[in-house]
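The values are calculated or read from the model by the stated rules, or taken from the named source; none is laboratory data. Nothing here was measured: the structure is a model prediction, and the numbers come from that model. Here the Cβ positions follow ideal geometry from the backbone for every residue, glycine too, while neighbour counts run over all protein chains shown. SASA here: full protein model, heavy atoms, side chains in, ligands and nucleic acids out. Shrake-Rupley method; radii C 1.70, N 1.55, O 1.52, S 1.80 Å.
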Amino acid sequence: MATDLRLQVVSDPRILGVIRGVVRGWMDAYDLCADRRHEIVLAVDEACSNAIRHAYKGRCDQSVELVLSASEDWLEITVSDQGVPCPPECIDRRPLVPPTQNDLQPGGLGLKLIHEIFDEVRFCPGEERGNCVTMRLRRNSKHEDGSED
Amino acid sequence: MAVKIDTMLTEDETLITVEGDVDLYSSPELRKTLLRAVPKSKDGVVVVLANVSYMDSSGVATLVEGLRSAKEHGKRFALLTPSVAVMKVLELARLDSVFDVRSD
């Protein structure tokens, strides 16, 4: 796995648009179809939003680090913070099911979307502080343009 | 791209037009607008999403809050011409069938 880009950003929601632009630009090198590109941008945005909102409790002066890497078979994105570790019960790996009209919950979607989008996801909350989420996408013909056959 | 939110009152429904990126930074503004508009509207709120270039789960959660508030107040809540970006995140969240989605 070779690191293409290492990015340190401030934990301010205003920076999310910049992060999305950087991730979109990085993916230009990997010929992913538009749908997959959009999904990956969304998942990275969700991971960074979680760091800002939950780990740093909205504090805007902390630091979030992104590492974007690739190998022949995988694209890998790691998002880490030094905030409050995510409680294990929040790392919900259950698949998304359509809620009923009476069962609508506005929160808790971010992590589920990350699981839905990536092939492999690993959450590593620190014992005392910090979180690291590693998201991996298999580079195969299903996801890349022009190589369906 | 920053978000732009416009509110227009019609005879029966309140039209709220959203343009740009709806994310953790901009969704609180949309939330405030929706939750203020729902109880004041005559029959309900229609959110026009044709020009939303990006929406994340905080935007989806905001729409869910709008829908829940509308139910509590006995009003309608519909999404009009949602963009590809909006439909994509609603589908991923398995919420596309929960909303009243209007094509025009």
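Charges only on Cβ, +1 for Lys and Arg, -1 for Asp and Glu: so what's the dipole of chain A about the Cα centre, in debye to the nearest 20? Working shown, then result.
Values: 18 positive and 26 negative charges, 107 e Å.
So the dipole magnitude of chain A works out to roughly 520 debye.
For a Förster distance of 30 Å, can you work out the FRET efficiency between the beta-carbons of B:Leu9 and B:Ser83, rounded to the nearest 0.05?
On the way: r = 24 Å, r/R0 = 0.79.
In this case the efficiency is close to 0.80.
Send over a whole-number figure in Å² for the accessible area per residue of region B:23-66, probe 1.4 Å. Walk me through the intermediate numbers first.
Values: 1560 Å² over 44 residues.
With the other protein chains kept in place, region B:23-66 gives 35 Å² per residue.
If I model a spin label as a point 7 Å beyond the Cα along the Cα-Cβ vector, how far apart are those points for B:Lys71 and A:Arg14 in nm?
Label at B:Lys71, label at A:Arg14, 3.7 nm between them.
Show which lysines lie in cross-link reach of B:Lys32 when reach means a straight Cα distance below 28 angstrom and same-chain residues fewer than eight apart are skipped.
A:Lys57, A:Lys112, B:Lys4, B:Lys40, B:Lys42, B:Lys71, B:Lys75, B:Lys88
Residue by residue, what Karplus-based ³J(HN,Hα) values in Hz, rounded to whole numbers, does region A:43-55 have, using 6.51, -1.76 and 1.60 with θ = phi - 60° and x for Gly and Pro?
Working through the residues one at a time gives 5, 5, 4, 5, 5, 5, 4, 4, 4, 5, 7, 9, 5 Hz.
Below 8 Å between Cα atoms, with a sequence gap of 6+, how large is the relative contact order for chain B in percent?
Numbers: 202 pairs, mean separation 26.9, N = 104.
Here the relative contact order equals 26 percent.
Mind listing P(r) for region A:1-79? All alpha-carbon pairs, 10 Å bins, whole percents.
That works out to 18, 52, 25, 5, in percent per bin.
List, in order, the whole-Hz ³J(HN,Hα) value for each residue of region B:46-61 obtained from phi through the Karplus relation with A = 6.51, B = -1.76, C = 1.60 and θ = phi - 60°; use x for Gly and Pro.
These are the phi-based 3J(HN,Hα) values: 10, 9, 8, 10, 4, 10, 8, 7, 7, 9, 10, 5, 5, x, 4, 4 Hz.
So for chain A, averaging the separation of alpha carbon pairs under 8 Å that are six or more residues apart and normalising by length, what relative contact order in percent results? Show your work: numbers first, answer last.
Details: 245 pairs, mean separation 41.7, N = 149.
So the answer I get is 28 percent.
Calculated from DSSP H runs of 4 or more alone, at -39500 (n - 2.57) each and per residue, what is the 222 nm mean residue ellipticity of chain A, nearest 500? Walk me through the intermediate numbers first.
Working: 3 runs with 38 residues, N = 149.
The helix-only estimate for chain A comes to -8000 deg cm²/dmol at 222 nm.
How big is the Rg/Rh ratio for chain A, C-alpha atoms only, Rh by Kirkwood, two decimals? Let's see the in-between values first.
Values: Rg = 15.6 Å, Rh = 16.0 Å.
When Rh is taken as the Kirkwood radius, the ratio is 0.97.
Using the Karplus equation 6.51 cos²θ - 1.76 cosθ + 1.60 (θ = phi - 60°), what ³J(HN,Hα) coupling, rounded to whole Hz, does each residue of region A:2-18 give in order, writing x for Gly and Pro?
With coefficients 6.51, -1.76 and 1.60, one gets 9, 6, 8, 8, 10, 10, 10, 10, 7, 7, 10, x, 5, 7, 4, x, 5 Hz.
Please report the projected area of the protein assembly as shown's Cα convex hull averaged over all directions, in nm².
Numbers: hull surface 56.7 nm².
With the hull built on Cα positions only, its mean projection is 14.2 nm².
Calculate, in whole percent, how much of the Cα-Cα pair population of region B:42-104 lies beyond 19 Å. Don't jump to the answer; show the numbers that get you there.
Numbers: 438 of 1953 pairs.
Here the tail beyond 19 Å accounts for 22 percent of pairs.
Along the Cα→Cβ direction, 7 angstrom out, place labels at B:Asp43 and A:Asp31. What is the inter-label distance in nm?
Inter-label distance under the simple model: 5.2 nm.
Would you grab the residues whose amide H sits under 5 Å from the one on B:Leu79? Only those 5+ places off in sequence or on another chain, please, with H modelled 1.01 Å from N.
B:Val47, B:Asp100, B:Val101, B:Arg102
Amide H of A:Tyr56: which non-local residues (sequence gap of 5 or more, or other chain) have their own amide H closer than 5 Å, using H built in the peptide plane?
Counting only residues 5 or more places away or on other chains, the set is A:Val84.
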